[in-house]
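Colleague: The structure that follows is given in the form of structure tokens.
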Amino acid sequence: MATGQVLVTVGTTKFDLFISTVCSAEVSRILKRRGYKKLLLQIGNGNIPEVECIEGMDVEYFRFKDSIIQDIQDSSLVLSHAGAGSCLEVLGAKKPLVVVVNEMLMNNHQIELAKQLFTKEHAYYCTCSELKETLVHMNVNSLKPFPSGKTENFANFLNEIFGFNDTFGIS
Amino acid sequence: MFLFVFACFLFGFIFLRAFLLVRKDVTYNEHKEKKYQHVKTLIVIGSGGHTAEMLRLVRSLNPKLYSPRTYILAKGDFTSESKIHVVEEALKCDNESNYNLERIPRSRNVGQSYFSSIFTTLYSILYCIPVMLIQRPNLILTNGPGTCIPICLIAFVMKIFYLCEGTTVFVESVCRVTSLSLSGKILLYFADVVIVQWPELQKKYKKTKYIGRLV
């Protein structure tokens, strides 16, 4: 627990139920009990949150940044929407991750990745209504590191098709 | 009578060629013998997460071998456009870069009615035909969403008539673990290779290829 900061990110759209759930006093109390000190919210196009303040838990928010990688690295825990980009960025930075699935999205295929990450013990996942329970029971130390993707396999595959004998690779 | 026989012959030929292409008996293995110096590459840029995944794959390629590169993207997608320039800056070798952008009209704008989107889709397809005829790529890289279908279909038809010998590669998004996207399902027939990123998905769709998680 380096900084005690919890980053909450909704990606490029909005997810107001997620943000308002996180802003409740109850969630703040749970996080405080677990030793976290600060909530940093990336709210996208959503409504400005009504924060129920409790003592010992700072809350800040912003809409968008070109890159939130610095914020991810500065955090001890990340609560993220289920977008693949956000989830993989957090796992790549080796930070504990809780994926919060948006049930309001129809035909939600994003849940596939969240479930898979949970099954393979790389992250926790839940809906907004299950968030409190997940935060109470989770054990972030038991999560397994997520190996990074192998783009070089793709390059090798194409090189083979075109008969290139190439070991070049920048990544 | 002559015309009739000719028409039958032509249709038979088209049908057979399409059948063989779908079966993937032709193409794809022919490439090795050709001894390419470099591969003319067409990269179809989707939007949002699709763009990010595609550009990660593009970054892994040798920019000298996969050159020149043409990026197809929707008109007005400035976010993707600036991301392409960032990647190309990183791919520069000897201070030279060999790429260009081709902006095509959107098939459907957000909030547009389904009826009018029929016409905009047709317009978008018609717009793509000359682009493809001029480009004649050796390699087409796509990863969805649905906007990549017109390009792949045009490439398929061009292949029937030997107007293009490009290999079409579709890479399914990493977020697909148990089901293929609609684009993926369609392109099982029209693309040469459909790559998936989870072994579970490959088991379900035997025609796909799994070479590890890529992004």
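Colleague: Among the residues of the range B:140-160, which ones are surrounded by fewer than 21 Cβ atoms within 10 Å (Cβ to Cβ) and of a type in the set (G, A, S)?
Modeller: B:G146
Colleague: Can you pull out the strands (runs of 3 or more DSSP E) entirely within the range A:1-81 that have at least 2 residues that are within 25 Å of A:L143 (Cβ to Cβ) and out of contact with any Lys or Arg (no Cβ under 8 Å at 6 or more places or on another chain)?
Modeller: Passing ranges, in order: A:5-9, A:38-42, A:77-80.
Colleague: Right, something else. Has the range B:70-91 got any residue that is at pLDDT below 85 and closer than 28 Å to A:A84 by Cα?
Modeller: Among the residues of the range B:70-91, not one is at pLDDT below 85 and closer than 28 Å to A:A84 by Cα, which makes the answer no.
Colleague: Restricting attention to the range B:143-152, report how many residues are among the hydrophobic types (A, V, I, L, M, F, W, C) and either on the phi > 0 side of the Ramachandran plot or in contact with a Phe, Trp or Tyr (Cβ under 6 Å, 6 or more places away or on another chain) (or both).
Modeller: Of the residues in that region, 1 qualify.
Colleague: Could you check the range B:183-200 and list, in sequence order, the residues that are buried (at least 20 other Cβ atoms within 10 Å of the Cβ), part of a helix (DSSP H, G or I) and within 14 Å of another protein chain (Cβ to nearest Cβ)?
Modeller: B:S183, B:G184
Colleague: Filter the range A:146-157 for residues that are more than 7 Å from chain B (Cβ to nearest Cβ) and either buried (at least 19 other Cβ atoms within 10 Å of the Cβ) or within 12 Å of B:L61 (Cα to Cα) (or both) and give the result.
Modeller: A:F146, A:N156
Colleague: Condition test on A:A123, is it surrounded by 17 or more Cβ atoms within 10 Å (Cβ to Cβ) and within 9 Å of chain B (Cβ to nearest Cβ)?
Modeller: Spelling it out, it is not the case that A:A123 is surrounded by 17 or more Cβ atoms within 10 Å (Cβ to Cβ) and within 9 Å of chain B (Cβ to nearest Cβ).
Colleague: Scanning for something within 18 Å of the chain's Cα centre (by Cα), open to solvent by 20 Å² or more (accessible area, probe 1.4 Å) and either among the acidic types (D, E) or over 21 Å from B:I151 (Cβ atoms) (or both), does the range B:104-125 turn up at least one residue?
Modeller: no
Colleague: Just checking, does the range B:161-182 include any residue being touching a Phe, Trp or Tyr at 6+ places or on another chain (Cβ under 7 Å), away from every other protein chain (no Cβ under 14 Å) and open to solvent by 10 Å² or more (accessible area, probe 1.4 Å)?
Modeller: No.
Colleague: Let me ask something else about it. Please list, ordered by first then second residue, the pairs with beta carbon atoms under 8 Å, 6 or more apart or interchain, first in the range B:186-212 and acidic (D, E), second open to solvent by 30 Å² or more (accessible area, probe 1.4 Å) and not in a helix (DSSP H, G or I).
Modeller: Pairs that qualify, where the first residue is acidic (D, E) and the partner is open to solvent by 30 Å² or more (accessible area, probe 1.4 Å) and not in a helix (DSSP H, G or I), are B:D192/B:K24; B:D192/B:Y28; B:E200/B:T178.
Colleague: Just one of A:Q42, A:Q73 is of a type in the set (S, T, N, Q), out of contact with any Gly (no Cβ under 9 Å at 6 or more places or on another chain), under 26 Å from B:R56 (Cα atoms) and more than 14 Å from chain B (Cβ to nearest Cβ); which is it?
Modeller: A:Q73
Quick grid of which residues meet (1) surrounded by fewer than 20 Cβ atoms within 10 Å (Cβ to Cβ); (2) on the phi < 0 side of the Ramachandran plot; (3) modelled with pLDDT of 95 or more; (4) out of contact with any Asp or Glu (no Cβ under 9 Å at 6 or more places or on another chain):
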site: A:T3; (1), (2), (3), (4): yes, yes, no, no
site: A:T9; (1), (2), (3), (4): no, yes, yes, no
site: A:K14; (1), (2), (3), (4): yes, yes, no, yes
site: A:G44; (1), (2), (3), (4): yes, no, no, yes
site: A:N47; (1), (2), (3), (4): yes, yes, no, no
site: A:C53; (1), (2), (3), (4): yes, yes, no, yes
site: A:D58; (1), (2), (3), (4): yes, yes, no, yes
site: A:S76; (1), (2), (3), (4): yes, yes, yes, yes
site: A:G83; (1), (2), (3), (4): no, yes, no, yes
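Colleague: Further, regarding this structure: For residues in the range B:49-98 being in contact with a His (Cβ under 8 Å, 6 or more places away or on another chain) and open to solvent by less than 20 Å² (accessible area, probe 1.4 Å), which is nearest to the other protein chains (Cβ to nearest Cβ)?
Modeller: Ranking the candidates gives B:Y66 first.
Colleague: Take the residues of the range A:16-39 that are open to solvent by 10 Å² or more (accessible area, probe 1.4 Å) and of a type in the set (A, V, I, L, M, F, W, C): which is farthest from A:S86 (Cα to Cα)?
Modeller: A:A25
Colleague: Just wondering, is there one or more residues in the range A:106-115 that are under 10 Å from the mean Cα position of the chain (by Cα) and away from chain B (no Cβ under 11 Å)?
Modeller: No, the range A:106-115 contains no residue that is under 10 Å from the mean Cα position of the chain (by Cα) and away from chain B (no Cβ under 11 Å).
Colleague: Oh, and also: Of everything in the range B:126-139 that's free of Cβ contacts under 8 Å to residues at least 12 places away in the same chain and farther than 20 Å from B:T167 by Cβ, which residue is surrounded by the most Cβ atoms within 10 Å (Cβ to Cβ)?
Modeller: Here the answer is B:L126.
Colleague: May I ask you to list pairs of residues, at least six apart or on different chains, whose Cβ atoms are under 6 Å apart, with the first in the range A:113-125 being free of Cβ contacts under 8 Å to residues at least 60 places away in the same chain and the second being hydroxyl-bearing (S, T, Y)?
Modeller: Between residues of the range A:113-125 that are free of Cβ contacts under 8 Å to residues at least 60 places away in the same chain and residues that are hydroxyl-bearing (S, T, Y), the close pairs are A:A114/A:Y125; A:F118/A:Y125; A:Y124/A:T134.
The values are calculated or read from the model by the stated rules, or taken from the named source; none is laboratory data. These numbers were taken from a predicted model, which means no experiment stands behind them. Cβ sites come from the backbone with ideal geometry, for glycine too, and all protein chains shown count toward neighbours. Accessible surface is based on the protein model in full, side chains and every heavy atom, while ligands, DNA and RNA are left aside. Shrake-Rupley method; radii C 1.70, N 1.55, O 1.52, S 1.80 Å.
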